[in-house]
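Contents: one structure, followed by commentary.
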Amino acid sequence: MKRREFFKLLIAGAFLTLRGKKSDAKEKPKVPLKEAMFWKRLD
Amino acid sequence: MAKTVQCELCPNGCVLEPGQRSRCRARTNRGGTLYSLVYGKPCAVHVDPIEKKPFFHFLPGTKAFSIATAGCVLSCKFCQNWQISQARPEDTDTYDLPPAQVVSNALAYQCRSVTYTYTEPTVFYEYMYDTAIIAKNRGVKNTMHSCGYINEKPLRILSKYLDAADIDLKGFTEDFYARICGGSLKPVLHALTILREEKVWLEITNLVIPTLNDDVKKIVEMSSWIVRNLGADVPIHFSRFFPNYKLNNLPPTPLETLESARKAAMDAGMKFVYLGNIRHEGESTSCPNCKKVIIERIGYFVKQNHLANGRCGFCSTAIPGVWS
C-alpha cells in the first residue's frame, strides 16, 4: 500500500471512530435529578 | 419560605442550607428541596454469585445483579470499598441505568435477584425503592447488604419489597461505632429487629478486626442478643479482616480468632455460624440435627447441595431460608 493511501485510511478511520463515539453519547438515556424521599423543611 | 431542610432517611439527620451536601455525599439541598444526586447513576454494576453478598440461606448457587452508587452514611476506617463509599458522586465514573433497565439487565443475565450492595444502599434509597418495585412486579427478588443505619419509616416502607437483607453488625459497643465507624450501635440493632418483624430474610455479617472488636466476651454478648431478639436461626458470617483504608497498621485476622468467634457464637445458641474471606469448613452449611454437610461451599461457589425442598437431604430437618 502506498504511503498516501495509508494516511487516507488512517484519517478516515479516526473520523469514523470519533463520529461513532459522539452518536453513542447522544443516545445515552438521561436520568433527571430526583427529589429525595423522607425530608422536611425547617422553619 | 424557609429553605433549610432536614434529611430524615438515616440517623445522621443532616440539616442542610441551600447548596449544602449531606454527610453521605449523595443528597443536596437545592433551593429548599432535597434531591438525590445518584438516582439511576450507579458507579458499580456487576453480576455476582449470591454467596458473595454474603447470603448462604437465600437461593444458593444463583446470580445476583448487583449495583451501588457513590456515598455512605458511615465512615468506617476499615472500609473495603472506600474508593466509592467515601467519594462524591461526581468523582466516580457512573452508568446511566434507570430502574427499569436494572431489572431488564438482571433478567437478561439470568439473575434471580437484584442486590443493592458494595457501598451503602440507604444513600440511594429512591433508586433502590423504584427498582425494587419493578423487580418484584417482574418476578425478580430484591436483596440488600447494608450497615442498617437507617430510620424506621423508610426501612419499613422498603421492607415491603425486600426479600432478604444482610446487615453488617460491625461491633457490639457504642464506643466502636463512634470511634471506628462514625455512627452509633443502637439504630443498627433497631433496624435488625424491624427487618425481622417485617419478615425479611435476615443474615448478619461481622468483620472481626484484631484488637478492635475481637474480644470473645463481646462476641458472646452479641450472639446472645441475636438469639434473644432475632432468633437462633439467623445466620451470622464472621469475616476475616484484611488491612485496608485507614487501618493498614493492623494484621489480617488470625484463623484462631475466627474459630474462637465461631465457637463462641455456637455455644451461645446460634445454629448457623459461618466464616468468610477464608477457606474453611465454616463456609459450608451443616444440618443442626444430623450434623451432616448439606451445602458444601468453596469460596463463593456451591460444590454440593443436599437440600431438598428446604429440608436436610439426610434427615429431613427443615432448614430456615429462602430456597426457591
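FYI, it's all coordinate maths here, none of it is from the lab. All of these numbers come straight from a predicted model, not from anything done at the bench. Counting neighbours? That spans all protein chains shown, and the Cβs are built from the backbone with ideal geometry, glycine included.
Miscellaneous remarks
- Its relative contact order, with pairs defined as Cα atoms under 8 Å and 6+ residues apart, puts chain B at 13 percent.
- Between the residues B:316, B:229, B:12, the greatest Cα displacement towards the positive end of the dipole of the protein assembly as shown, with unit charges on the Cβ of Lys, Arg, Asp and Glu, is found for B:12.
- Separation of alpha-carbon centers, the stretch B:151-207 and the stretch B:249-268, rounded to whole Å: 22 Å
- Coarse-grained scattering of the stretch B:1-92 at q = 0.10, 0.12, 0.25 Å⁻¹, given as base-10 log I(q)/I(0) from a Debye sum over alpha-carbon atoms: -0.35, -0.48, -1.20
- Column: log10 I(q)/I(0), Debye, Cα scatterers of the stretch B:182-324, q = 0.11 Å⁻¹: -0.45
- Evaluating 6.51 cos²θ - 1.76 cosθ + 1.60 at θ = phi - 60° for every residue in the stretch B:35-52, the Karplus couplings come out as 10, 8, 9, 10, 4, x, 10, x, 9, 9, 9, 9, 9, 10, x, 4, 5, 6 Hz, glycine and proline recorded as x.
- Alpha-carbon Rg with Dmax, taken over the stretch B:164-264, Å: 13.5, 40
- Here is the P(r) of the stretch B:70-168: all C-alpha pair distances, binned every 5 Å from 0, give 2, 13, 23, 24, 19, 15, 4, 0 in whole percents.
- Residues with amide H under 5 Å from that of residue B:4, placed H, sequence gap 5 or more: A:42
- Rounded Å value of the spacing that divides the Cα centres of the stretch B:288-324 and the stretch B:82-111: 32 Å
- Solvent-free Debye calculation, one equal scatterer per alpha-carbon of the protein assembly as shown: log10 I(q)/I(0) at 0.09, 0.10 Å⁻¹ equals -0.55, -0.66.
- Per the Cα gyration tensor, chain B maps to an equivalent ellipsoid with semi-axes of 32, 24, 18 Å, ordered largest to smallest.
- Estimated from helical segments only, the mean residue ellipticity of chain B at 222 nm is -7000 deg cm²/dmol, where each DSSP H run of four or more residues counts as -39500 (n - 2.57).
- Loop-located trypsin sites (Lys or Arg not before Pro) in the stretch B:1-100 whose Cβ has at most 10 other Cβ within 10 Å (DSSP): none
- The stretch between residue B:278 and residue B:291 holds 2.5 nm of extra length on full extension. This uses 0.36 nm per residue minus the Cα-Cα distance.
- Shielding by partners, peptide B:21-30 (average Cβ within 10 angstrom, other chains): 1
- Here the 3J(HN,Hα) profile of the stretch B:174-181, calculated from phi with Karplus coefficients 6.51, -1.76 and 1.60 at θ = phi - 60°, is 5, 4, 4, 4, 6, 7, 9, 10 Hz, Gly and Pro shown as x.
- Filter on B:52/B:271; B:77/B:136; B:52/B:153; A:34/B:136; A:40/B:186; B:186/B:292 - keep pairs with C-alpha separation over 32 Å: B:77/B:136; B:186/B:292
- Phi angles across the stretch B:151-160 convert, under the Karplus curve 6.51 cos²θ - 1.76 cosθ + 1.60 with θ = phi - 60°, into 3J(HN,Hα) values of 6, 4, 4, x, 5, 5, 5, 5, 4, 4 Hz, Gly and Pro given as x.
- Near the amide H of residue B:168, within less than 5 Å, lie the amide hydrogens of B:146, B:147, B:148, B:205, all on another chain or at least 5 residues away, with H placed in the peptide plane.
- Pairs of Cα atoms nearer than 8 Å and 6+ residues apart set the relative contact order; for the stretch B:183-247 it is 43 percent.
- Between residue B:64 and B:48, B:50, the built amide H atoms are under 5 Å apart, and every one of these is 5 or more places off in sequence or on another chain.
- The protein assembly as shown, dipole about Cα centre (Lys/Arg Cβ +1, Asp/Glu Cβ -1), debye to the nearest 20: 1300 debye
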